[in-house]
Amino acid sequence: MNQAKRLLSALTLCALALVGHHTTGLAQSAEYEVRSDVVYGRGLVSLSSEPTTRDLLLDAYVPVQDANDANPAPAIIFAFGGAFHRGEKGDFQFNEDGASDSSMADYCLALVRRGFACFSIEYRLMPEDPAPPAAMDESILMSKRLLESPIVTGRVEFVRQKMSLPPLDDQSREQLWNATFAAVEDMESALNFVRENSLRFNVDPDRIALGGFSAGAITAINLAYGRQADVRAVVALSGTSWGYDLNKTLAEDAPPLLLFAGQWDLPGIRQGSAGIASLFKSRGAPLSQSWVPGFGHFYPMEAPSLSDQFDQASVIDRLTRFLNEEFQTRPD
């Protein structure tokens, strides 16, 4: 019995040593600076009352360039979640169902320490009554009538209740529809801003990815696969398809997608993720899937995740590996 215990302890120590070595390889050291509240554009709000424009802000987490390294950094643009009603670009966490997620600041700090530039953006939310883009091709959008389905709007109604807002009516459904596409327009503005200011931030304009959590992930999916933005990859943390009809817009040469979902995630997220996976596979578009066991819609970036290949890695390590592969970079 003692010999068996000693053998088990030795195996456990070996496993921990291997895990520690692997994590160290991914978390390479990098100096960085954070530039908060950078104006990346302007957006129209208060559409149905007194229309006005406001600044749109982002926080830039930028690696400090080594004197001997002139290579610009790859970058990812991240958007927070909150059912298009709430959320923040900084150190803000949701606490629900006994779990807390990691904030956009958490993700960006982890990524910039690994050598990526990370831009956490704000975008116009539904309570602001934002204006949609001036021109949208309705033939490639989902049906607005879906907003009348409790299956589609259940999470939104839950969030509105928590915010002491009345249930959706015809006017607020229209505002939710507008907010969905205003968010896409804002993320596209941020993408253009980062590209136009690539020298200012020392980022590679040809190596930019999009990402986000929940509504932010939906926004990244919409921009990359609905509006077919020119980006290298997309990371969706519990996102789904809503807004653009990907059946009509997904191209075979679409950028690779890394799709996460919690084991007990929202029904709409799990069903939508299955639909996205089926569509991507039918079009031959590159897709990586991963689920987070033991968690619902909210999970920290250190939580273990499992893929369809049965390998295990924390959410942040899997995300990092994915970006390294798609940016064709490797950790030290």
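Quick notes on this structure:
- Residue in segment 282-304 that is basic (Lys, Arg) and either at pLDDT 95 or above or assigned to a loop (DSSP other than H, G, I, E, B) (or both) present: no
- Candidate set from segment 106-130 (those that are under 22 Å from residue 54 (Cβ atoms) and of a type in the set (A, V, I, L, M, F, W, C)); member that is surrounded by the most Cβ atoms within 10 Å (Cβ to Cβ): 121
- Odd one out for residue 152 among (1) over 22 Å from residue 44 (Cα atoms); (2) touching a strand residue (DSSP E or B) at 6+ places or on another chain (Cβ under 6 Å); (3) not small (Gly, Ala, Ser): (2)
- The residue that is surrounded by the most Cβ atoms within 10 Å (Cβ to Cβ), counting only those in segment 159-177 that are outside any loop (DSSP other than H, G, I, E, B) and touching a residue at least 12 places away in the same chain (Cβ under 8 Å), is 175.
- Just one residue in the set 314, 307 is within 19 Å of residue 240 (Cβ to Cβ), among the hydroxyl-bearing types (Ser, Thr, Tyr), open to solvent by less than 50 Å² (accessible area, probe 1.4 Å) and in contact with a strand residue (DSSP E or B) (Cβ under 8 Å, 6 or more places away or on another chain); that residue is 307.
- Only one of the numbered conditions (1) small (Gly, Ala, Ser); (2) within 17 Å of residue 210 (Cα to Cα); (3) in contact with a His (Cβ under 9 Å, 6 or more places away or on another chain) is violated by residue 313, and that is (2).
- Residues in segment 42-82 that are in contact with a Gly (Cβ under 7 Å, 6 or more places away or on another chain) and polar (S, T, N, Q): 1 in all.
- Criterion (part of a strand (DSSP E or B) and either at pLDDT below 95 or closer than 16 Å to residue 78 by Cβ (or both)) met by exactly one of 208, 221: 208
- The residue that is surrounded by the most Cβ atoms within 10 Å (Cβ to Cβ), among those in segment 318-331 that are out of contact with any Asp or Glu (no Cβ under 9 Å at 6 or more places or on another chain) and in a helix (DSSP H, G or I), is 319.
- Among the residues of segment 225-246, the one identified as open to solvent by 10 Å² or more (accessible area, probe 1.4 Å) and within 12 Å of the chain's Cα centre (by Cα) is 240.
- The residue pairs whose first member lies in segment 129-150 and is farther than 20 Å from residue 223 by Cα and in a loop (DSSP other than H, G, I, E, B), whose second member is open to solvent by 70 Å² or more (accessible area, probe 1.4 Å) and not β-branched (Val, Ile, Thr), and whose beta carbons are closer than 8 Å, counting only pairs six or more residues apart or on different chains, are 129/48; 129/49.
- Selection within segment 70-90 - over 20 Å from residue 177 (Cα atoms) and not in a loop (DSSP other than H, G, I, E, B): 73, 74, 75, 76, 77, 78
- For segment 247-281, a residue qualifies if it is assigned to a loop (DSSP other than H, G, I, E, B) and either touching a Cys at 6+ places or on another chain (Cβ under 8 Å) or among the polar types (S, T, N, Q) (or both), and exactly one does: 263.
- Checking the stated criteria, residue 239 turns out to be under 26 Å from residue 139 (Cβ atoms) and either in a loop (DSSP other than H, G, I, E, B) or touching a helix residue (DSSP H, G or I) at 6+ places or on another chain (Cβ under 6 Å) (or both).
- Where residue 269 falls short, out of the listed (1) open to solvent by 20 Å² or more (accessible area, probe 1.4 Å); (2) aliphatic (A, V, I, L, M); (3) touching a His at 6+ places or on another chain (Cβ under 7 Å): (1)
- Test: residue 300 is in contact with a helix residue (DSSP H, G or I) (Cβ under 9 Å, 6 or more places away or on another chain) and closer than 19 Å to residue 238 by Cα: yes
- Some residue of segment 109-116 being in a loop (DSSP other than H, G, I, E, B), closer than 17 Å to residue 189 by Cα, touching a strand residue (DSSP E or B) at 6+ places or on another chain (Cβ under 6 Å) and hydrophobic (A, V, I, L, M, F, W, C): no
- In segment 178-224, residue nearest to residue 136 (Cα to Cα) [restricted to those that are of a type in the set (A, V, I, L, M, F, W, C) and open to solvent by 10 Å² or more (accessible area, probe 1.4 Å)]: 218
The values are calculated or read from the model by the stated rules, or taken from the named source; none is laboratory data. Because the structure is predicted, anything quoted here is derived from the model rather than measured. Because the Cβ atoms are built from the backbone with ideal geometry, glycine has one as well, and the counts that use them run over all protein chains shown. Heavy atoms of the whole protein, side chains included, go into the accessibility calculation; ligands, DNA and RNA do not. Shrake-Rupley method; radii C 1.70, N 1.55, O 1.52, S 1.80 Å.
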